[in-house]
Every structure is written in C-alpha cells, then in structure tokens.
1. Looking at the stretch A:64-93 only, could you name the residues that are within 14 Å of another protein chain (Cβ to nearest Cβ) and part of a strand (DSSP E or B)?
2. Pairs please, first residue from the stretch A:1-24 and more than 14 Å from chain B (Cβ to nearest Cβ), second anywhere and surrounded by fewer than 13 Cβ atoms within 10 Å (Cβ to Cβ) and outside any loop (DSSP other than H, G, I, E, B), Cβ atoms under 6 Å, 6+ apart in sequence or on different chains.
3. Could you grab me the full set of residues in the stretch B:26-41 that are open to solvent by 10 Å² or more (accessible area, probe 1.4 Å) and more than 18 Å from B:Val110 (Cβ to Cβ)?
4. Select from the stretch B:77-111 the residues that are open to solvent by less than 10 Å² (accessible area, probe 1.4 Å) and more than 14 Å from chain A (Cβ to nearest Cβ) and write down the one among them that is modelled with the lowest pLDDT.
5. Tell me whether the stretch B:18-29 contains one or more residues that are modelled with pLDDT of 95 or more, within 11 Å of chain A (Cβ to nearest Cβ) and within 11 Å of the chain's Cα centre (by Cα).
6. Mind telling me which of the residues A:Ala85, A:Ala78, A:Ala63, A:Ala90 ends up being touching a residue at least 60 places away in the same chain (Cβ under 8 Å) and closer than 26 Å to B:Gly40 by Cβ?
7. Give all pairs with beta carbons closer than 6 Å in which a residue from the stretch B:28-51 that is in a strand (DSSP E or B) meets a residue that is β-branched (Val, Ile, Thr); count only pairs at least 6 apart in sequence or on separate chains.
8. Is there any pair linking a residue in the stretch B:1-26 that is farther than 11 Å from B:Pro85 by Cβ and part of a loop (DSSP other than H, G, I, E, B) to one that is of a type in the set (Ser, Thr, Tyr) and open to solvent by less than 30 Å² (accessible area, probe 1.4 Å), with Cβ under 7 Å and at least six apart or on different chains, and which?
Amino acid sequence: ELKVEQNPLFLSMQEGKNYTIYCNYSTTSDRLYWYRQDPGKSLESLFVLLSNGAVKQEGRLIASLDTKARLSTLHITAAVHDLSATYFCAVDMGGTSGSRLTFGEGTQLTVNP
Amino acid sequence: DGGITQSPKYLFRKEGQNVTLSCEQNLNHDAMYWYRQDPGQGLRLIYYSQIVNDFQKGDIAEGYSVSREKKESFPLTVTSAQKNPTAFYLCASSRQLYGYTFGSGTRLTVV
C-alpha cells in the first residue's frame with residue numbers, strides 16, 4: 001500500500017524567509033504532483049515531476065524530485081503573504097489497476113507580515 | 001473552454017437519504033475519479049474509472065456507489081449506508097500523460 005507523508009503539517013513563517021516542505025512516499029512511482037488549495041476551494045496544479053532529479057520553478061516555489069530517496073521537496077523562497085494556502089503532494093500510482101493519485105496530508109502554510 | 005463541472009456546489013442530506021453528486025467533463029479524458037476531503041485532511045480516493053462501463057473501488061468505497069455509462073459523466077451516489085458523509089467531494093479526470101484536472105467540488109452536509 002502506497003503511503004505519502006508530508007512534513008511539516010503546519011508551517012508559520014515570516015515574509016521574506018525561506019522554507020522547505022518535504023514529501024516522502026513508500027513505493028516506486030512514475031510521477032509526483034504538487035497542488036495548492038485555498039480555503040473552501042478546489043486544487044490548483046503547481047508542478048508535475050516526471051523523472052529523477054527533476055527541478056521546476058514557478059515564481060517563489062521550487063519543486064524537486066529524488067526518486068531513489070522517494071522524496072520530493074517544495075522550497076519556498078522569500079515568502080509573501082499570497083503564498084498562504086495548503087499544499088499537497090500526490091503520487092501517481094499507475095500499474096495494472098490504472099493511474100490514480102494518492103495524496104499526502106497537506107501542509108498548511110501561513111505567511112505572516 | 002474544456003473543464004469539469006460538479007453540481008451542486010452545496011448539498012444537504014437528511015438522515016437515511018441517498019443523494020447523487022454530478023460530475024461532467026468535456027475534456028475527452030478517459031479516466032475519472034472521486035475524492036473525499038475532510039476538514040484539515042488530505043484527499044482520499046472513493047472510486048475511479050479508467051473506461052466507460054468499468055470502475056474500481058478506491059480506499060474508502062463503503063457507503064458509496066458510482067456508474068460510468070458515458071465517457072463524459074461519472075456520478076457519485078452517497079447512500080444511507082455512509083454514516084458520516086459530511087465532507088468536501090472533488091471529482092477529477094485524466095488522460096494518460098496529460099495530468100489531472102479537478103472540478104470545483106461539492107460540499108455535502110448532513111442535516
């Protein structure tokens with residue numbers, strides 16, 4: 001059974017600071033996704049990471065994937081208040097039963113002025 | 001524009017009542033999914049379907065039923081057997097190598 005674990009689950013940080021969210025998963029996977037969710041809203045796709053060593057950047061967010069360590073990170077650089085949201089990583093299972101996502105518990109990020 | 005439409009946005013269920021959540025997509029995606037989200041938690045897979053007339057149970061299928069009679073539609077019925085149905089329900093679709101698209105969600109409350 002695939003398990004996806006995120007840490008920290010809650011993160012409060014000051015504007016301008018850097019921090020990293022970690023996503024560990026238990027079995028081999030083809031791809032990993034990062035999503036953002038604002039309160040009461042659906043998921044917004046941030047990144048799709050497809051291969052070992054993949055690194056993608058969008059604004060102040062940098063995502064990376066280490067398939068050997070089964071670890072993905074979401075690095076926040078020089079945080080701003082607008083980044084306050086909950087961030088989820090999700091692993092695509094694939095296999096004979098078909099692709100489907102297994103989600104981590106989410107990291108609730110609060111950026112304080 | 002292509003996308004996924006979930007309806008209704010808010011739904012209230014009385015004890016012992018079955019309710020059906022609608023999910024329609026015009027993206028020509030083969031696969032469709034239903035997830036449940038409880039407050040402060042991640043998403044858990046209820047059911048998914050890779051092709052028309054076929055579907056598989058996810059991690060928390062008990063108390064739910066689905067059908068996939070058309071490629072565009074994947075309705076979810078929350079039956080009276082689901083004892084704690086209050087949650088946020090998200091529908092998604094995917095096409096191989098194209099990633100996942102999520103609907104805007106239905107918030108179900110038991111009254």
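The values are calculated or read from the model by the stated rules, or taken from the named source; none is laboratory data. Given the structure is predicted, the values throughout are model-derived calculations rather than measurements. A quick note on method: Cβ atoms are made from the backbone with ideal geometry, for glycine too, and the neighbour counts reach across all protein chains shown. Heavy atoms of the whole protein, side chains included, go into the accessibility calculation; ligands, DNA and RNA do not. Shrake-Rupley method; radii C 1.70, N 1.55, O 1.52, S 1.80 Å.
1. A:Ala85, A:Thr86, A:Tyr87, A:Phe88, A:Cys89, A:Ala90, A:Val91, A:Asp92
2. Once the first residue is more than 14 Å from chain B (Cβ to nearest Cβ) and sits in the stretch A:1-24, its partners that are surrounded by fewer than 13 Cβ atoms within 10 Å (Cβ to Cβ) and outside any loop (DSSP other than H, G, I, E, B) give A:Gln14/A:Asn112.
3. The answer is B:Asn26, B:Leu27, B:Asn28, B:His29, B:Asp30, B:Gly40.
4. B:Pro85
5. For the stretch B:18-29, residues modelled with pLDDT of 95 or more, within 11 Å of chain A (Cβ to nearest Cβ) and within 11 Å of the chain's Cα centre (by Cα): absent.
6. A:Ala90
7. Qualifying pairs under 6 Å: B:Trp34/B:Ile46; B:Arg36/B:Ile46; B:Arg44/B:Ile60; B:Ile46/B:Ile60; B:Tyr47/B:Val66.
8. From the stretch B:1-26, the pairs are B:Pro8/B:Thr106; B:Lys9/B:Thr106.
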